[in-house]
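Please read the structure below before turning to the comments.
The values are calculated or read from the model by the stated rules, or taken from the named source; none is laboratory data. The model shown is predicted, which means the values in this text are computed figures rather than measured ones. Cβ: placed from backbone, ideal geometry, glycine included. Neighbour counts: every protein chain shown.
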Amino acid sequence: MVAGAVVRDAGDGRAELLLAQRAYPPEVAGRWELPGGKAADGETLAEALVRELREELEVSVLPGEPLEQRVLLREELTLVALWARLLGGTPRAVEHHALTWVDAEALTAMADRDELVPADTAWIPELLAALRAP
Ligand code: 9L3
Ligand code: MG
């Protein structure tokens with residue numbers, strides 16, 4: 001499984017991260033995640049991320065380095081997040097309820113309110129560090 005930590009420059013030097021609100025399954029519907037999905041056989045994580053974000057958000061992205069934390073979803077299924085940059089398109093919620101761009105303060109508030117999918121909370125420290133980097 002691969003997810004994308006898509007970061008953009010908000011324009012004034014601040015960085016913002018793209019979060020997507022899950023529509024399913026019921027246990028996590030309404031909670032926010034880094035968008036992504038399952039790699040197909042023979043696909044690299046980077047290739048899978050490009051495909052998933054094209055399908056889910058109708059954007060093209062440039063995948064980068066993996067985040068340090070690896071999340072064990074269940075036996076044999078690990079979730080890896082890759083930093084990514086938007087190359088083209090405006091993200092559209094094709095499969096999600098909604099999309100939002102958050103800065104460090106907004107991400108902290110969402111985490112404090114328990115609004116993220118449980119698996120993705122492992123990345124909060126790394127995400128906040130990147131959003132706060134000068
Ligand atoms: N999942 C958790 N965090 C994420 C992603 C992309 C996925 N950032 C978990 C939730 C789902 C499962 O993985 O139960 C499958 O994800 P998808 O293929 O429905 O996106
Ligand atoms: Mg998905």
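One table, with the values for the structure above:
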quantity: First in region 34-50 and touching a residue at least 40 places away in the same chain (Cβ under 8 Å), second anywhere and within 12 Å of ligand 2 (Cβ to nearest atom) and of a type in the set (Val, Ile, Thr), Cβ under 7 Å, 6 or more apart; calculated: Gly36/Val2; Leu45/Val2; Ala48/Val2; Leu49/Val2
quantity: Region 15-25 - residue that is of a type outside the set (Phe, Trp, Tyr) and assigned to a loop (DSSP other than H, G, I, E, B) and, of those, farthest from Arg132 (Cα to Cα); calculated: Pro25
quantity: Among the residues listed as Asp9, Asp103, the single one being more than 14 Å from ligand 1 (Cβ to nearest atom), out of contact with any helix residue (DSSP H, G or I) (no Cβ under 9 Å at 6 or more places or on another chain) and of a type outside the set (A, V, I, L, M); calculated: Asp9
quantity: Candidates Leu57, Leu67, Leu19 - the one that is within 12 Å of ligand 2 (Cβ to nearest atom), under 24 Å from Ala106 (Cβ atoms) and hydrophobic (A, V, I, L, M, F, W, C); calculated: Leu57
quantity: Matching option when the condition is touching an Asp or Glu at 6+ places or on another chain (Cβ under 9 Å), within 13 Å of ligand 1 (Cβ to nearest atom) and more than 22 Å from Asp103 (Cα to Cα), among Ala23, Ala81; calculated: Ala23
quantity: The listed residue being away from ligand 2 (no atom under 15 Å from the Cβ) and surrounded by 13 or more Cβ atoms within 10 Å (Cβ to Cβ), out of Ala84, Ala111; calculated: Ala111
quantity: Selection count, region 26-43, where residues are charged (D, E, K, R), closer than 17 Å to Arg92 by Cα and more than 10 Å from ligand 1 (Cβ to nearest atom); calculated: 0
quantity: Failed item in (1) more than 11 Å from the chain's Cα centre (by Cα); (2) modelled with pLDDT of 95 or more; (3) within 12 Å of ligand 1 (Cβ to nearest atom); (4) of a type outside the set (Phe, Trp, Tyr), with Pro91 passing the rest; calculated: (3)
quantity: Selection count where residues are on the phi > 0 side of the Ramachandran plot and either surrounded by 17 or more Cβ atoms within 10 Å (Cβ to Cβ) or modelled with pLDDT under 95 (or both), scope region 2-36; calculated: 3
quantity: Subset tally (residues that are surrounded by 14 or more Cβ atoms within 10 Å (Cβ to Cβ) and either within 14 Å of ligand 2 (Cβ to nearest atom) or of a type in the set (A, V, I, L, M, F, W, C) (or both)) for region 37-46; calculated: 4
quantity: Residues that are surrounded by fewer than 18 Cβ atoms within 10 Å (Cβ to Cβ) and more than 15 Å from Asp120 (Cα to Cα), drawn from region 47-80; calculated: Glu47, Arg51, Arg54, Glu55, Glu58, Ser60, Leu62, Gly64, Glu65, Glu75, Glu76
